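Below is one structure, written out as structure tokens; the observations come after it.
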Amino acid sequence: MVRKEYIVEEVARMMNKVENIRNIAIVAHVDHGKCVSGSARLVLCDGQVIAAKDLYERIEKRGNAVKDDEDGRVYSADGISAFSLNKEEARVEQRKITHAWKLKGGKMVRVRLRNGAQIATTPEHKYLVLEGMGFAEKEAGMLQAGDAVVCPKKTAVAPAMDIKDEVMKRLAGDSFYVYLKSETADEIAAALKEKGVSIAQLKGITGSSLSLDGLRFCFYNKRFRAADYAALCSHLGIPLSVAYGGVSEISYRGGNPLNSKNCKPMRLPSDFAGLFFAAGLLFGDGSGDKLVVGKPELGKEYAKILGELGIKPYYRNYSYRTPEVAAGSKTLMKLLEALFGYPQKGKKSRRIRVSDFLFRAPDALVAQFLRGYFDCDGTVESSRRAVSLSSASEGMLRDVQFLLLRFNCASILQGNALYVTGNSVKRFNEKVGFSLAEKDTKARELERKSTGSYVLDVVPLSTHAFGQIKGQGSMASIMGNYYEYAGGRSKPTVASIQKIAAKTGSALLSRLCEEEIAFIEVAEIGESSEEFVYDFTVESNHNFVAEGMFIHNTTMTDSLVARAGLISKELAGEQRMMDFDEQEQARGITIKAANISLAFHYNGQDYLINLIDTPGHVDFGGHVTRAMRAVDGVVLVVDSVEGIMPQTETVLRQALKEKAKPSIFINKIDRLINELQLDADAMQARLIKIITGLNKIVEQYAPEDKKAEWSIGVAKGNVAFGSAFHKWAVSIKSMNKFNIKFPDIYNHCKKGEHKILVEKSPLDEVLLEMVVDQLPNPKYAQQYRIPVIWKGDPASPEGKAMLACDPAGKFIGICFGVVNDEHAGEVAVVRLFSGTVKKSDMLFLASRLTTEKVQQCAIYMGPDRVMVDNVLAGNIVGLVGLRDVYVGETLSEGQITPFEQIKHAAEPVVTKSIEAKDSKDLSKLILALRQISKEDPTLKVEINHETGEHLISGMGELHLEIIEYKITKEKGIPIVTSPPIVVYREMISGKSEEIQGKSPNKHTKLTFTVEPIEKTVFEAMLDGKIPDGQPKGKSLVETLVESGLPREEAKAVLDIHNRNILINDTRGIQYLNEISELMIQGFEEAVDLGPLAKEKVVGVKVKITDAIIHEDPVHRGPAQIIPATKRPIYAAMLYAGVTLQEPKQKVTILCPHDYMGNVITLIQGRRGQLLDMQQEGEQSTIIVKLPVAEMFGFGNDLRSATQGRGIPYQEYAGYEPLPRDMLLKIVRQIRERKGDKPDPPTPNDFLDL
């Protein structure tokens, strides 16, 4: 990884060579983050079971920081391994953890399985499931009860702990004394004498708290504090495991050392089996140092173990209760506490847990502990067909559940009991078992009767999978109930699968029969939240075991960033450098358009790529639209499995509209092979289909003179395909360059040999080559882009400078982003089209008609803003000091014609009311909303003047959820919000007669008519060709005429507001020009809150046809003219017929063919319109149009209808008329919500009769 300061210097140097600059965007980048809660426990290969937070902090202390900023921290890990699933072989393997992550948290999905395991993850986290004849992934947010997730049945621990060494460490960490064997004491004394170490020096070496006389006494009596003995051995180079053998006895001397009561010495065990078994007994039926002897055999065994430890047992027989065997040894109790965490006082039943020492102990000793514990608290339940273990401590039962996995024993936790059942009973008997003959006999009888557990031993193969297994043969000969399984009427256990595997020779089925993994159904799904979440990067398999489940961990942007040296290549695709917003990291999706400048050396030349990574989620399409204004080319990422989705088409259309040249990266090729099981021919056909579909979009939306040049083709070199996750890609050029053929790619993917492909054709090399060769530099691109986005005179000095991308011309740029920095304030992110900008330059802001001073110039390196001296034309720069700058603002030296307005493809369709929880935070809330709306112009903020509430409107539920999070978490303002509300619009269906309105004082009379705007004019408004505002200049008149408005009306337009037009259709009315501003204000108020339901009005042409105006200005002020304008417009609209329009979304649903009928039924029940249906193999694609009002809760219902296998993709589909039979009902609901009378008004309510 290259030093960042050096990279910044390189970027600053390369900004001067415009021919080698590329301004590009990565679009349709939908990726997912996978994070777990801090309390989720991982199983490590040395036996440790450790919480994610604790493991992260342990790795963090080693100080190998890869990323450390306010958004998250990443540390490299070394020497830590976790259990991981090899999906190709269905085996549980040991894999190294390479990195640990700590990120800002948020909403979590809590999943509980039928075996009692539970975990909280981010909604985008993917669980492993069995799909077809292979493993697939399913997001937590898509899971539902009944889904089966992959869990380990076996964790083959390899403890690295030297048990004697660990015991000595724990003795040294507490107030234990050790009594040395005579020969050991003599050897130590001789070694010290040989080294010339005096008692005084020894005190310094050991750090002992004893006096010099005290140390002399220790040597005399051959008795040392365990801590001093350990330090002494360390100084002499004696391993603690060897030092253990030199100890004859130990005693505990806590509190007052002179008080030796209950601190009798005891021997350390030479064979630890007895100590572990005794610990298990006490965990079961112990009370302090006493074992309650329910079975005489256990009492005898406990007494025997005590004798081996040099402790004389005490027998207590009672006539009225169960006998006891007591140790009478505080030393033993303290030893058990130090090693096993055995509680010393009070009731232990709810306080016991498995200690770290026990988790890390060898299997043979763990089995001894479990045997003792099950002997006391275990039972063989014939009715349940299970070996059960009872405890009042749920934590202890969860811990034992982890321990049992070491012996390939799966179990079920229900209430205060743990059940070992099904096939696991046999392995329990073999590897743990009971020492009590009676229980052992029952357990072995249970083993003989066991037929498999329907929780732990089921293999949930789908109907499609059984079809693949069957092939052309008859399965009736294999087993009678095969067709019950194939039809989904019952589920096969491992025993049944073994029979099928034996007959069919299926390699996968044979591996599943080895029982290293289980498929456990989801029992319950809930929600929670976490301040921080954690993730761990695991080599090769990219998953690890946490809370008894396989947790999948994690893009193309990062590979380029790694190539530039900003992050290590090993982290590319995992660090998510461009997703630096805390919600992006927590949710695992790109929300903002993030900017970074990258310097590259390629083919002997230096190149500068100004990269913008944009969102792929429909709710954040506004960020994509704004990014398109700043870039000259795009790399469109298409998922090879999902194909061309609505978001893909939307962003490509936006790019083509802004004349940004496209190139294509088809991602996740490996999934076609390994998950969809496509052969080489089918895979090529899939790729050709995607390219053909993209070319249809290019042909339809690309500029006429660029259609041929910009068409997508493998031979042209503007398309690459590969796996961003595995960091390889190929194009026609790289295939020739690196001698890679298509069959090679297929075979390597099939075998999982991605490293070979990375070595031959790395992703960063292929992408960089495609970007440099296929996408234009600013000097070339601005020749055809400037006439589209700027309507000024191309022959003017400003026009010539922009067409030439001249750094010597006047500074001209456009702001496409605003970032609020807590230190610098508002930072305008600007694309420079001509000139040079530096600190102290004075820039003109077109919308405010003011000049502001530049305080700082900067370039962006992901989350970091780095100061530079100046920035030249063709680059992207962050400017500090421009107050109240807005997205779309034209910035220039001196006043010029502003750039065309940035037009967003979608509109806000969902609204929430928002208010500060505490009234004293109101001013903070207003400021926060103002700042956020500047950063995100697709967010609309209004005030309900009647209720005082602020209303925020966004592109969807997720969009508003992110805004709420920013206000509460980032701004620190507690808020209260309403449930989401659909944004309707009011339109008229006909033309009104002339309606006259009077001012309140009756001195002024204004006459209006209303009618729908011509369809072609309205479409031009939707396309952004006709801007809002009062007309300036003649160019708008021509645009209106070209769009279909009569020329006389176009010349008489007074105002355009929210796609409504006010026209002066009068002749020679005196004083009309003096009240025109007030009429415009009344017109805008009328269309902002329509007459029917106080929703926005669109598509209405309002004409003033006559007026009688009082000559005295006193009688024509705002209080007179505005009502005289609004009221007759309202009445005229009601006469013309007002109706509501509702927003709709186009929804593309992917689901298995078997669920297509359920999906169609669901759509019909939500007023959906079926647009198209397609089927490819077992997968169906259903395209529908749904009202936004019917989308709330749609995701959950779709999951229910498809058993979690349906995936929806949405895009804005415009507004359409509300069905007439629903109009009155919806109007009443809206009016009641707004505090108005439910019944809609009539024209007479606005007329002065």
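Computed from the coordinates by the stated procedures, all read-outs in this text should not be read as laboratory data. This structure is a prediction, so every number in the text was calculated from the model and none was measured. Note: ideal-geometry Cβ built from the backbone for every residue, glycine included; neighbour counts use all protein chains shown.
So what J values fall out for region 1139-1154 if you push phi through Karplus, 6.51 cos²θ - 1.76 cosθ + 1.60 with θ = phi - 60°, rounded to Hz, Gly and Pro as x?
Going residue by residue, I get 10, 9, 10, 10, x, 10, 10, 8, 10, 9, 10, 9, 7, x, 4, 4 Hz, with x marking Gly and Pro.
With label points built 7 Å along Cα→Cβ from the Cα atoms of residue 750 and residue 1105, find their separation and express it in nm.
Computed distance between label sites residue 750 and residue 1105 equals 7.8 nm.
Taking a threshold of 27 Å on the Cα-Cα distance, which of the pairs 991/1225; 657/934; 102/169 fall above it?
102/169
Sticking with the crude label model, points 7 Å out along Cα→Cβ, report the distance from residue 89 to residue 927 in nm, one decimal please.
6.1 nm
Summing +1 for each Lys or Arg and -1 for each Asp or Glu, what net charge is found among the other residues whose Cβ lies under 10 Å from the Cβ of residue 881? List each step's numbers first, then the result.
Numbers: positive: 839, 853, 883; negative: 826, 841, 852.
Once all neighbours under 10 Å are counted, the net charge is 0.
Assuming R0 = 35 Å, can you tell me the calculated FRET efficiency for the pair residue 800 and residue 1041, based on Cβ-Cβ distance, to the nearest 0.05? Working shown, then result.
Details: r = 29 Å, r/R0 = 0.84.
For residue 800 and residue 1041, the calculated efficiency is 0.75.
Let me check I've understood the local charge: for residue 1162, count other residues with C-beta under 11 angstrom from its C-beta, Lys and Arg +1, Asp and Glu -1. What total comes out? It would help to have the intermediate numbers written out before the result.
Working: positive: 1166, 1199; negative: 1190, 1197.
Residues near residue 1162 contribute 0 overall.
Let's test the formula: R0 of 45 Å, r as the Cβ-Cβ distance of residue 920 and residue 705. What FRET efficiency results, to the nearest 0.05? The partial results should precede the final answer.
Details: r = 60 Å, r/R0 = 1.33.
Once rounded, the FRET efficiency stands at 0.15.
Placing unit charges on C-beta atoms (Lys and Arg positive, Asp and Glu negative, everything else neutral), compute the dipole magnitude of the chain about its Cα centre in debye, rounded to 20. Kindly include the intermediate steps, with their values, before the conclusion.
Details: 161 positive and 161 negative charges, 784 e Å.
Charge dipole of the chain: 3760 debye, to the nearest 20.
On the first, second and third principal axes, largest extent first, how far apart are the outermost C-alpha atoms of the chain in Å?
122, 76, 71
Quick query: amide H of residue 634 versus all other amide H atoms, modeled in the peptide plane; which residues come in under 5 Å with a sequence gap of 5 or more or a different chain?
Residues meeting the criterion, in which the H sits 1.01 Å from N, are 25, 661, 663.
Could you list 277, 272 in order of exposure, starting from the residue whose Cβ has the fewest other Cβ atoms within 10 Å?
Working: 277 24, 272 19.
Lowest to highest Cβ neighbour count: 272, 277.
Karplus couplings for region 682-688 from phi (6.51 cos²θ - 1.76 cosθ + 1.60, θ = phi - 60°), rounded to Hz, Gly and Pro as x?
Rounded to whole hertz, the list is 5, 5, 5, 5, 5, 5, 5.
For the modelled label position 7 Å from the Cα of residue 270 along Cα-to-Cβ, which residues of region 300-331 have backbone nitrogen atoms closer than 18 Å?
304-311
Could you point to the residue in 886, 870, 797 farthest towards the positive end of region 781-892's charge dipole, with +1 and -1 charges on the Cβ of Lys/Arg and Asp/Glu respectively?
797
Roughly how far apart, in whole Å, are the Cα centres of region 641-719 and region 175-195?
Computed from Cα coordinates, the inter-centre distance equals 78 Å.
Roughly what would the spin-label model give for residue 993 and residue 444, points 7 Å off Cα along C-beta, in nm?
Modelled inter-label distance: 10.4 nm.
Relative to the present Cα-Cα distance, how much length would full extension add between residue 1067 and residue 941 at 0.36 nm per residue of separation? Let's see the in-between values first.
Working: separation 126, 0.36 × 126 = 45.36 nm, distance 3.91 nm.
41.4 nm is the gain from fully extending residue 1067 to residue 941.
Rounded to the nearest 5, what is the percent of antiparallel bridges among the DSSP beta bridges in the chain? Don't skip to the end; give the middle numbers.
Numbers: 198 of 225 bridges.
Around 90 percent of the beta bridges assigned by DSSP in the chain are antiparallel ones.
Looking only at region 379-411, which residues have a backbone nitrogen under 20 Å from a spot 7 Å from the Cα of residue 451 in the C-beta direction?
In region 379-411, the label zone of residue 451 (backbone N under 20 Å from the point 7 Å along Cα→Cβ) covers 381-387.
Provide 652, 397 in ascending order of the number of other Cβ atoms located within 10 Å of each residue's Cβ, fewest first.
Working: 652 24, 397 21.
The order, fewest Cβ neighbours first, is 397, 652.
Using the Cβ atoms and a cut-off under 14 Å, what net charge is assigned to the surroundings of residue 337, where Lys and Arg are +1 and Asp and Glu are -1?
In short, +4.
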